[in-house]
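One structure is given below, encoded as structure tokens.
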Amino acid sequence: MNNNWVRFLFKKAFEIIASLAVLVALCFLLLKALPGGPFDEEAALHPTVKAALISQWGLQESSLVQSGKYLVSLLQGDLGVSMARPNQTVTSIISNGFANTLSLNLVALIIVIAGAFILALTSQRYRGGYFEKTVDQFMITFISLPSLFWGPLLIYFFGFYFNLLPTAFLTEPKNYILPVLTLCVRPMAILVRLLKTSLKSNYELDYVRTAKAKGVEEWQVLMHHVLRNSLIPFLSFLGPLLVGLLSGSFLVEMLFAIPGLGSQFIIALGDRDYTLIVGLTLFYGALLIVVNSLIDILMRTVDPRIREEV
């Protein structure tokens, strides 16, 4: 491992730690800026009891002091206890819901990436033909409509009208079909268009013409010569793609009654459960920061022009 790689990894580690610290501080500040508090809806609470609860949770302290204490607890691996569900820790709530959220997003991500590669490469192979024109029309339609437009539509037709597929929970493999389709449609359409554009621009370069002039078969030209140089825009889009899938899964989980982290986050917002909101935000933020850092490392590995940068 050369010095550039060592400096790059140290820089990434520092960026991750700094980003998480800023994320915690901002989360506390934004929660404090919102009107109301976690005990305001408890109309039956006596003012003395309410004051005792506020003192017990340290809500009377400044946001800076609270965020500082939280960071100390966080360094010890403690995310705290849910304010709305005092018998459950934030860590246990996250671990219980993470399996469903992870499986849903992982299946969606695999389908998005695999579908985008298959459609983009096949369209480029048969460019100018009926297949490419059909794919382009469908992709434009899918991009034009929000992902959640498809959820109720799929539920109505496949869940109720034709009664073919289940519309709630993730108890069986077939339960994944409708929520995954709802998550996949728009991101895959965007990725297909992006990859097609990159493939097309690289296909016109001189080294591709040279390979074709030597009699290299069309699929080999695409897979061995064009595809690798077309991966940089694709890899740079993986970060926003993951953000889109995770944020989209919040409402998809509510729509399909999936007990995942997205539904827990929305419930926590309704309850003003500060500790759970901060814990979930930090978990999602850490996940996205680490994934984006891994994508940066992957891009440096693929592209030699980036590899030598500090």
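A few remarks follow.
- Cα long-axis angle, helix 47-57 against the chain (0 to 90 degrees, to the nearest 10): 50
- Exposure proxy shown here: for Arg228, Arg186, Arg85, the number of other Cβ atoms within 10 Å sets the order, fewest to most, as Arg228, Arg85, Arg186.
- Computed about its Cα centre, the charge dipole of region 90-272 is approximately 460 debye, with only Lys, Arg, Asp and Glu carrying charge at their Cβ.
- Taken over the chain, lysine pairs spaced eight or more positions apart, or on distinct chains, with alpha carbons under 25 Å apart number 10.
- Compared with the direct C-alpha span, the chain from Lys11 to Ala286 gains 97.4 nm at full extension, assuming 0.36 nm per residue.
- Between helix 63-75 and the chain there is an angle of about 70 degrees, using the helix long axis and the longest principal axis of the Cα atoms.
- Highest mean first, the peptides 96-106, 154-164, 253-263 sorted by other C-beta atoms within 10 Å per residue fall in the order 253-263, 96-106, 154-164.
- Only helical runs count toward this figure. For the chain, summing -39,500 (n - 2.57) over DSSP H runs of n ≥ 4 and dividing by all residues gives -24000 deg cm²/dmol at 222 nm.
- Over the C-alpha atoms of region 113-237, the Rg to Rh ratio, Rh being the Kirkwood estimate, stands at 1.10.
- Inter-label distance, Ser55 to Arg228: 6.9 nm, where each label sits 7 Å from its Cα along the C-beta direction.
- Fewest-first sequence of Leu183, Leu195 by Cβ atoms within 10 Å of each Cβ: Leu195, Leu183
- Ser73, Ser230, Ser144 arranged by Cβ crowding within 10 Å, fewest neighbours leading: Ser144, Ser73, Ser230
- Based on the reciprocal of the average 1/r between different C-alpha atoms, the Kirkwood radius for the chain equals 22.6 Å.
Values in this text are rule-based calculations from the coordinates and carry no lab data. Keep in mind that this is a model prediction, so the values were computed, not measured. Positions of Cβ are backbone-derived with ideal geometry, glycine not excepted, and every protein chain shown enters the neighbour counts.
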